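Taking it in order: structure first as structure tokens, then the write-up.
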Amino acid sequence: MQGWIKLHRGLIEWEWYDHLPTKVLFIHLLLKANHKDNSYRGKIVKKGHLLTSRELLSKETGLSERQVRTALNHLKSTKEIAIKSSRQGTEIKIVKYSDYQEATNETPNKRPRSDQRTPSNNNDKKEKNEEETINDIYSLYPTNCPVKGNSNGKGKANKAQIKRILKSKEETVDSLKAKIERYVRECKNSNTYFKNFGTFLNNLPDYSEEEKKEELKEENIYLWIKKQLEEEPKKTFNSSYINSLRHKEMKLSEEEFKELSKMNNLKAERLRFAK
């Protein structure tokens, strides 16, 4: 593979710049994407697109498949890429490929055009964008508790808290939004009183264990079911569900199916006798 790509210094201010796997994968995708339309096995792969797979991206970048999946989800969430499946593999589109890579007639010492910002204006724009981001996050938490009806104590101090959290890189914009949205949704669904917003921000919930379980379920259904049967005291599965994974979805080998069916039946029988 020959040639080069353009990489703007503005990438340093990109929201995923400090997330190494996402940054590595995005730059890799820019390098691998077609710079012109090509044909592969009868399919036209357009400029800014590439055919690949999670396994291949893992091998090419040195990232684990889980890191690749997480990075792809990050890039999809901020609309850097779009993904669709085809018979030839997974097709990834760099959404703004032309914006990133189109050649221009700029010369190094040319005076800034009207759409080019001076450093001062860039700083102003950055501050404005930061303020808009903080306001966006702030607005996700209800002003009043939908259950109790009392105030959730929202105020300027909360915006300062959000700014501190983002600046310290404890959370990304997306992860903080996701935690707020999930907490609000769960409180509404369970009819639970909301915490004071400041208290919530000082003690952000950790959903990592639940996320790990979901990741395990997606990556290896056999290990996920086995772990559930071993670690959850009263957890059993409908036998037809385990059977469907062998026949329909083909996610279990014959040996895995037999092992899990035996474990599940023994545990179900033990729980019946315990009653």
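The values are calculated or read from the model by the stated rules, or taken from the named source; none is laboratory data. In this text the structure is predicted, and so the values were computed from the model without any measurement. When we count neighbours, we look across all protein chains shown, and the Cβ atoms used for this are built from the backbone with ideal geometry, even at glycine.
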Residues of the range 170-197 satisfying the condition of being among the aliphatic types (A, V, I, L, M) and closer than 15 Å to residue 142 by Cβ: 180, 184
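Please work out which residue is surrounded by the fewest Cβ atoms within 10 Å (Cβ to Cβ), limiting yourself to the range 77-102 and to residues that are among the basic types (Lys, Arg) and closer than 26 Å to residue 4 by Cβ.
Taking the candidates together, the pick is 79.
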Flag for residue 47 being touching a residue at least 24 places away in the same chain (Cβ under 8 Å), surrounded by 14 or more Cβ atoms within 10 Å (Cβ to Cβ), more than 23 Å from residue 173 (Cα to Cα) and in contact with a Lys or Arg (Cβ under 7 Å, 6 or more places away or on another chain): yes
Meets criteria (modelled with pLDDT of 60 or more and surrounded by 13 or more Cβ atoms within 10 Å (Cβ to Cβ)) for residue 130: yes
Any hit, the range 8-30, residues being touching a helix residue (DSSP H, G or I) at 6+ places or on another chain (Cβ under 8 Å) and over 30 Å from residue 168 (Cα atoms): no
Selection status of residue 261, at pLDDT 85 or above and of a type in the set (Gly, Ala, Ser): yes
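In the range 229-247, which residue that is in a loop (DSSP other than H, G, I, E, B) and among the basic types (Lys, Arg) is farthest from the chain's Cα centre (by Cα)?
The extreme case among them is 234.
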Positions within the range 225-258 being buried (at least 16 other Cβ atoms within 10 Å of the Cβ) and modelled with pLDDT under 80, in sequence order: 245, 246, 252
Top-ranked residue in the range 112-124 [being farther than 21 Å from residue 7 by Cα and exposed (fewer than 12 other Cβ atoms within 10 Å of the Cβ); ranked as modelled with the lowest pLDDT]: 114
2 or more residues of a type in the set (S, T, N, Q) and at pLDDT 85 or above: qualifying helices (runs of 4 or more DSSP H) within the range 11-107: 54-61, 65-77
Selection from the range 142-178 of residues that are over 13 Å from residue 202 (Cα atoms) and of a type in the set (D, E, K, R): 148, 154, 156, 167, 169, 174, 177
